[in-house]
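> Structure below; questions to follow.
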Amino acid sequence: MPFTPIHLGIAVPVKAVSEKKFNFLVFAWSQIVMDLQPLIVILTHRGQTHGITHTLIGAIVLGLVAAVSGKVALEVVAKIFNWRFLQSGVLSWKVVFISAYFGTLSHVLLDALIYPDVELLWPFVEGNPLRIGFLSSEVIGFCLLCGLVGGVIWLAKVVFRKIKTRQSKID
């Protein structure tokens, strides 16, 4: 699923349930970081589309890159636009690393289900042990379903908070 927002779907229920313990923007940034190498391959017609970045080792290294660059970028943007919810100290390193690593590791695992050129366990194992016959449409459907479920959870939480706020004002 190169360069699609489909991967974002799996983060929606995580964000809805964990709220401030997960950062959706860092997760989204990690998806972009993961697909920079495939983009270069597509543009230059050189290399393997899902090369070293689409291995567990690549996902771990790129998770670090996405976490550090994502936190710095978000804090700079927060200062420029005076976004208090993203300013320094609000976005903890723990949340950043959880969000980035969930992004890079889930990305490579989802891609491993549908792309035969993903060598998930390189350099220890050749080939793709997760390529067991999932169709691209099935993985896309799963991601979209996660997004829908997460959206319903988030909406329900918003509605229940409003009801609770109104009840506390009445009391």
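> Using θ = phi - 60° and the Karplus relation 6.51 cos²θ - 1.76 cosθ + 1.60, list the HN-Hα couplings for segment 122-129 in order, rounded to whole Hz, with x at every Gly or Pro.
Karplus-based 3J(HN,Hα) across segment 122-129 equals 4, x, 7, 9, 7, x, 10, x Hz.
> Defining a contact as two alpha carbons under 8 Å apart and six or more residues distant in sequence, what relative contact order in percent does the chain show? Can you show the working numbers first?
On the way: 229 pairs, mean separation 53.7, N = 171.
The value is 31 percent.
> Order Ile114, Ile40, Ile163, Ile140, most accessible first, counting only protein heavy atoms with a 1.4 angstrom probe. Mind dumping the intermediate values first?
Values: Ile114 15, Ile40 100, Ile163 75, Ile140 50 Å².
Greatest to least solvent exposure: Ile40, Ile163, Ile140, Ile114.
> List residues of segment 146-164, by number, whose backbone nitrogen lies under 14 Å from a label position 7 Å along Cα→C-beta of Glu19.
So the set is 154-164.
> Sticking with this structure for a sec: Peptides 57-67, 142-152, 25-35: what's the order by average Cβ count within 10 Å, highest mean first?
25-35, 57-67, 142-152
> Sticking with this one: With runs of 4+ DSSP H residues as the only contributors, calculate the mean residue ellipticity of the chain at 222 nm using -39,500 (n - 2.57) per run, divided by the residue total and rounded to the nearest 500.
For the chain, the value works out to -22000 deg cm²/dmol.
> Using R₀ = 30 Å, calculate the FRET efficiency as 1/(1 + (r/R₀)^6) where r is the Cβ-Cβ separation of Glu138 and Lys79; round to 0.05. Write down the numbers at each step before the final one.
Details: r = 43 Å, r/R0 = 1.43.
E between Glu138 and Lys79, to the nearest 0.05, is 0.10.
> Would you list the membrane-span-like helices of the chain, meaning whole DSSP H runs whose alpha-carbon atoms span at least 27 Å along their axis and whose mean Kyte-Doolittle value is at least 1.6?
56-81
> Now a separate question. Could you state the accessible area per residue of segment 1-148 in Å², with a 1.4 Å probe and every protein chain left in place?
Result: 55 Å² per residue.
> Straight-line reach from Lys157: which lysines have a Cα under 17 Å away, not including same-chain ones fewer than 8 places off?
Reachable lysines: Lys15, Lys20, Lys21.
> For segment 1-67, count all C-alpha to C-alpha pairs, find those more than 16 Å apart, and express that count as a whole percent of the total.
52 percent
> Something else about it: Please report, in debye to the nearest 20, how large the charge dipole of the chain is about its Cα centre when each Lys and Arg carries +1 at its beta carbon and each Asp and Glu carries -1 there.
About 1160 debye.
> Does segment 1-126 come out rounded, prolate or oblate by the C-alpha gyration tensor, with a ≥ b ≥ c the root eigenvalues, rounded set by a/c under 1.5 and, if not, prolate when a/b is larger than b/c and oblate if not?
Because a/c hits 1.5 or more and a/b exceeds b/c, segment 1-126 counts as prolate.
The values are calculated or read from the model by the stated rules, or taken from the named source; none is laboratory data. From a predicted model like this one, the values you see are computed outputs, not experimental measurements. Virtual Cβ from ideal backbone geometry, glycine too; neighbours counted across all protein chains shown. Just so you know, the surface numbers come from the protein's heavy atoms only, side chains and all, with ligands and any DNA or RNA stripped out. Shrake-Rupley method; radii C 1.70, N 1.55, O 1.52, S 1.80 Å.
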